[in-house]
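As C-alpha cells, the structure follows; a few thoughts come after it.
The values are calculated or read from the model by the stated rules, or taken from the named source; none is laboratory data. None of these values were measured; they are calculated from a predicted model. All Cβ positions, glycine included, derive from the backbone under ideal geometry; neighbour counts span all protein chains shown.
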Amino acid sequence: MEIGDWNATRELNGIYKQIRGLGLESNLAELEAFGFTVIPGALSKATVEKARKSILDTAEKRVGRRLDLDNEKEFGELTGGMEVAGQHYLLFKDPVFEEVVLNGKPLALITYLLGKSCWLSSLYSHVKGPGKVGLLLHSDNGNGVPVSPMPPYSMTANVNYALTDYTEEKGALAMVPGSHRLARQPVESERYLVGNQRNNDAIPMEISAGDAVVWHGNTWHGSYPRLVPGLRINLATYFCRQFMAPQEIYSSNIPDDVWKRHERDSRLAQLMGLNRFNGWQDEGPRLKERAAMPAGRTWYS
C-alpha cells in the first residue's frame, strides 16, 4: 500500500469516529445512497437571523434599496429581470459566516466527501424573488469547469442552509435522488422544473429555516420558481478539493479581525487555502506547508 493510501485510510478512520460521535450515521447512509441528506436544525434561530440580516444588508448596498423579506414583488426590476440577486464573497462580511462555515455536523460530512485538506470554494447567497423559471437542474462537480465523464468521487460538495422556510411554491431547492451515480450533467430535456418538460424525478426540499442540505458534487439540483411575494434566502457554502481552483480567493486578503479569532493553523485557515503547496514564485516550493497539509481523501468507496 502506498503511503498516500495509508494516510487517506487513517484520515477516514478519524472521520468515521467523528461522524459516529455526532450521530450522523443515517445522514451518511443517505448521502451515499441518494447523493444528499438533510440535517434538521443545523443553525440556531439566532444564527439564522444574524446571517439573514447580514445578507439583506449586503443586498441593499448592491441593488440600491432594502428588499422586503415578506412582500417583495418588484424583484426583476432590481436584478435585470433575473429571479436571483446573488450575494457573493460573504465570508468576511460578518463573523457569523465564519461560524456557519465551521458548523460541526455539515463540515464532518464535507470532510467525509472531500478530505480534511479541502478548501472553501465560495460562500454565496441566492436571494430569490418571485419568478417563472427557477434554477435549472445541474451538477456542481468541476467547480464551474465542465468535467466529462465525472469521477464517481466528489470533487466538490455543497452545504445549502435555508435561511427562510422552503416550500415548492416559495422557490425551494430541488434535488434528484441517485443522480450522483450517473456521473454526468443532465441533458437539456432533463433540466426543467416547470412546464411540459418538468423533470418529475426531482423533489422539493420542503424544510425549515436553519435546516441544511448537504450533497455530493455530482448530484443534480436546482430550484423551483418562487410563485408568491417575498424572498427565499439561502447560504451556499461550497467546498472543493485542494487541487482545484476555488471560486473565491480568501488567502491573499484576510482581515486582521479574522486573525484575532482564528490561528494560522486553524481549520478555517486550511479552508481559506492557506496551507497550499503549489503557487510559488522565486521562493520555490513551499515544502514546510506541504509537510503540514492534511493528506486528503484520494479515493471513494
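Couple of notes before you dig in:
- Across the range 51-65, the number of residues qualifying as touching a residue at least 12 places away in the same chain (Cβ under 8 Å) and within 20 Å of the chain's Cα centre (by Cα) comes to 7.
- Selected residue (only one of Leu43, Leu109, Leu113 is in contact with a Phe, Trp or Tyr (Cβ under 7 Å, 6 or more places away or on another chain), surrounded by 22 or more Cβ atoms within 10 Å (Cβ to Cβ) and within 16 Å of Asn160 (Cα to Cα)): Leu43
- None of Ala85, Ala51 is touching a strand residue (DSSP E or B) at 6+ places or on another chain (Cβ under 7 Å) and not in a helix (DSSP H, G or I) except Ala85.
- Some residue of the range 206-216 being within 14 Å of Leu135 (Cα to Cα), assigned to a strand (DSSP E or B) and in contact with a Pro (Cβ under 9 Å, 6 or more places away or on another chain): no
- Residue match in the range 55-69 (condition: in contact with a Pro (Cβ under 9 Å, 6 or more places away or on another chain) and under 25 Å from Ala212 (Cβ atoms)): no
- Residue list for the range 135-155, restricted to those being farther than 18 Å from Phe239 by Cβ and either among the β-branched types (Val, Ile, Thr) or buried (at least 20 other Cβ atoms within 10 Å of the Cβ) (or both): Leu135, Leu137
- Residue in the range 140-158 that is over 27 Å from Leu24 (Cα atoms) and modelled with pLDDT of 95 or more present: no
- The residues of the range 231-247 that are surrounded by 17 or more Cβ atoms within 10 Å (Cβ to Cβ), in a loop (DSSP other than H, G, I, E, B) and of a type outside the set (S, T, N, Q), listed by number, are Leu231, Arg241, Met244, Pro246.
- Within the range 156-179, if we keep just the residues that are outside any strand (DSSP E or B) and either without any contact (Cβ under 8 Å) to a residue 40 or more places away in the chain or in contact with a helix residue (DSSP H, G or I) (Cβ under 8 Å, 6 or more places away or on another chain) (or both), the residue that is surrounded by the fewest Cβ atoms within 10 Å (Cβ to Cβ) turns out to be Gly178.
- Restricted to the range 248-271, and to residues there that are part of a loop (DSSP other than H, G, I, E, B) and either in contact with a strand residue (DSSP E or B) (Cβ under 6 Å, 6 or more places away or on another chain) or hydrophobic (A, V, I, L, M, F, W, C) (or both), the residue that is surrounded by the fewest Cβ atoms within 10 Å (Cβ to Cβ) is Ile249.
- Set Tyr166, Tyr192: member being out of contact with any Phe, Trp or Tyr (no Cβ under 8 Å at 6 or more places or on another chain), over 23 Å from Pro40 (Cα atoms) and of a type in the set (Phe, Trp, Tyr): Tyr192
- Options Leu56, Leu67, Leu78; residue that is in contact with a Lys or Arg (Cβ under 8 Å, 6 or more places away or on another chain), of a type in the set (A, V, I, L, M) and more than 22 Å from Val100 (Cα to Cα): Leu78
- Some residue of the range 182-203 being outside any loop (DSSP other than H, G, I, E, B) and buried (at least 20 other Cβ atoms within 10 Å of the Cβ): no
- One residue stands out in the range 83-126 among those that are aliphatic (A, V, I, L, M), at pLDDT below 95 and more than 14 Å from the chain's Cα centre (by Cα): the one that is farthest from Leu67 (Cα to Cα), namely Val84.
- Single match in Val159, Val147, Val176 (criterion: under 24 Å from His88 (Cβ atoms), in contact with a Phe, Trp or Tyr (Cβ under 9 Å, 6 or more places away or on another chain) and among the β-branched types (Val, Ile, Thr)): Val159
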